[in-house]
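Here is the structure we will look at, set down as structure tokens.
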Amino acid sequence: MVLTLAQYAAGDLDVVLDDGETVSLRVETRYPDDGHVAIHVVDVPPSVQVALRLRVPHWAEGATLTAGGRTHPAEPGWAAVPGALSAGDAVQLQIPVQPRTTTADPRIDAVRGTLAVERGPLVLCLESVDLPDGVALEQVRLPSTAPLAPEGDGARVDVRVVALPDERPGALPFGTLSEASGSHGGEVPDRAGEATAQVCLVPYHRWAERGPSTMRIFLPTT
């Protein structure tokens, strides 16, 4: 039989098989804050052959699986642990959880020409409370090549702060990624008057925990 582990949280697992026997595992991890998942086989009945497979998220390019003293690449999808499980076995899955950008689908008008930032399975957002004084969310532009750095359980990045153009009724909010040298409709703020700022992005599930705020997930890019 194959035992499948699809979600990662620290704890002890007792899996009761059809014949009443029990397979016991211990999972040690701080996921999603850390991408290291250690699985210890506590007990496997000698009368059963049990294999183990682990879920590798679709975004986890570069994940690795270590079992039997050997480390192998773990492609997104399912990673099968070689051989049958025995008591005392240890398996380690390393999932990369560094911040990364995700491009919005250009067919969706409201987010065309924007980027979101994710860290592992978490979607991050920019809250107004993390902006410099006098800067509004609408002024923030996320350069497509800006390096992202981990910050707590979120990320830190340098953004551009632009002057807001005059609104034109009926205009789409942002351009496409191919229009990096200009903005939709030809309205381009004077870059000589722009500023940069370093901002922190926090997990979306923590939005408004520090008081009332506005928030944006998809940030216009340049």
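Any read-out appearing in this document is the output of simple, stated calculations on the displayed coordinates, not a laboratory observation. Bear in mind the structure is a predicted one, so any value in this text is a computation, not a measurement. All Cβ positions, even for glycine, are placed from backbone atoms using ideal geometry, and neighbour counts span all protein chains on display.
Some notes on this structure:
- Rounded to the nearest 0.05, the FRET efficiency derived from the C-beta distance between Asp43 and Glu75 at R0 = 22 Å is 0.15.
- Total formal charge among the other residues, if their Cβ is under 11 angstrom from that of Leu201, Lys/Arg +1 and Asp/Glu -1: -1
- A Gaussian network model of the chain, with springs between Cα atoms under 10 Å, assigns the largest mean-square fluctuation among Glu28, Glu75, Glu194 to Glu194.
- GNM on the chain, alpha-carbon springs under 10 angstrom: the most fluctuating residue among Asp158, Asp33, Asp18 is Asp18.
- The chain: most fluctuating residue of Ala197, Ala155, Ala104 per GNM, C-alpha cutoff 10 Å: Ala197
- Excluding exposed DSSP-loop trypsin sites (Lys or Arg not before Pro) (at most 16 other C-beta within 10 Å), longest clean stretch of the chain: 108-209
- Applied to segment 14-24, the Karplus parametrisation 6.51 cos²θ - 1.76 cosθ + 1.60 on θ = phi - 60° returns per-residue 3J(HN,Hα) values of 10, 9, 8, 7, 4, 8, x, 6, 10, 9, 10 Hz, with x for Gly and Pro.
- Cα-based values for the chain, radius of gyration first and Dmax second, are 23.0, 75 Å.
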